[in-house]
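Peer 1: Right, I'll just put the structure down here and ask away after.
Throughout, read-outs are computed from the coordinates displayed, never taken from laboratory work. Quantities reported herein were computed from a predicted structural model and do not represent experimental measurements. FYI the Cβ positions are ideal-geometry reconstructions off the backbone, even for glycines, and counts take in every protein chain you see.
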Ligand code: HEC
Ligand code: HEC
Ligand code: HEC
Ligand code: HEC
């Protein structure tokens with residue numbers, strides 16, 4: 001009886017070790033690239049975000065932060081609005097708008113990098129109307 005359980009346990013370890021091999025290959029496969037273009041439609045005016053071009057030019061982690069213990073990610077590049085809602089709900093403190101930029105739009109994921117790029121002489125949207133477009 002005890003031996004039987006032990007043997008099954010050993011067999012289980014051998015089997016799962018075998019199963020890990022294809023799993024490892026899958027983990028090394030390229031991760032999903034995400035959308036090419038995202039159109040956000042907040043009340044302030046539509047924002048067309050070229051995700052594909054941004055993902056090519058920058059580290060994924062410059063926008064997709066690591067999972068946090070207070071609200072762990074369900075996928076490595078989970079959409080921001082899965083956690084950052086308007087208004088923020090416990091345990092979250094950073095609402096959706098603040099995830100992208102703060103009230104004065106002087107900082108935040110989108111704004112920090114744009115401000116730095118503008119300082120370096122690049123043509124990037126920094127004014128509200130550069131990103132938020134009202135329908136003509
Ligand atoms: C400049 C910021 C930025 C960079 C850099 C970036 N992403 Fe994203 N990504 C976003 C935002 C914002 C969203 C959410 C879009 C939405 O709400 O529809 C997103 C969404 C995604 C999604 C879709 C998630 C879902 O659940 O639908 C995937 C996959 C993804 N990104 C992968 C990547 C990968 C891989 C990289 C690097 C090669 C990368 N991203 C780089 C900002 C970025
Ligand atoms: C699975 C949940 C989850 C997802 C998805 C998520 N975040 Fe967060 N985020 C958090 C948590 C938890 C914190 C820390 C608590 C807080 O500030 O509310 C945080 C904090 C932040 C902060 C505050 C500054 C900091 O780093 O603490 C910013 C800005 C932010 N996230 C931006 C984003 C952006 C942009 C995306 C999408 C590309 C995103 N987050 C996706 C959970 C998430
Ligand atoms: C890590 C740096 C970085 C981050 C983060 C970033 N951007 Fe950008 N963005 C740039 C740069 C640099 C350019 C100029 C593009 C070029 O010169 O090719 C740009 C250009 C743009 C443009 C105009 C050109 C185009 O591609 O449409 C829009 C709109 C834009 N970004 C929106 C956003 C939004 C929305 C976010 C947040 C979800 C964001 N960006 C986050 C660096 C960044
Ligand atoms: C780099 C691009 C960018 C710039 C510059 C920018 N925004 Fe945004 N803004 C966004 C994105 C992306 C969102 C998120 C939209 C969403 O999730 O629906 C947003 C959301 C908002 C929201 C939330 C609206 C709602 O109805 O939920 C307000 C208000 C806002 N922005 C105001 C401003 C103001 C005011 C400025 C100028 C001081 C500004 N934004 C500059 C990209 C930008």
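Peer 1: With each label point set 7 Å from Cα along the Cα-Cβ vector, what nm distance links residue 40 and residue 128?
Peer 2: Going by the 7 Å Cα→Cβ label model, 1.4 nm.
Peer 1: At 0.36 nm per residue, and after removing the present C-alpha to C-alpha distance, how many nm does the segment from residue 81 to residue 57 gain when stretched out fully?
Peer 2: Details: separation 24, 0.36 × 24 = 8.64 nm, distance 2.28 nm.
Contour length minus Cα-Cα distance gives 6.4 nm.
Peer 1: Mind ranking 68-81, 106-119 by how tightly packed they are, going by the mean number of other C-beta atoms within 10 angstrom, highest first? Could you put the intermediate results ahead of the total?
Peer 2: On the way: 68-81: 11.6, 106-119: 15.1.
By packing density, highest mean first, the sequence is 106-119, 68-81.
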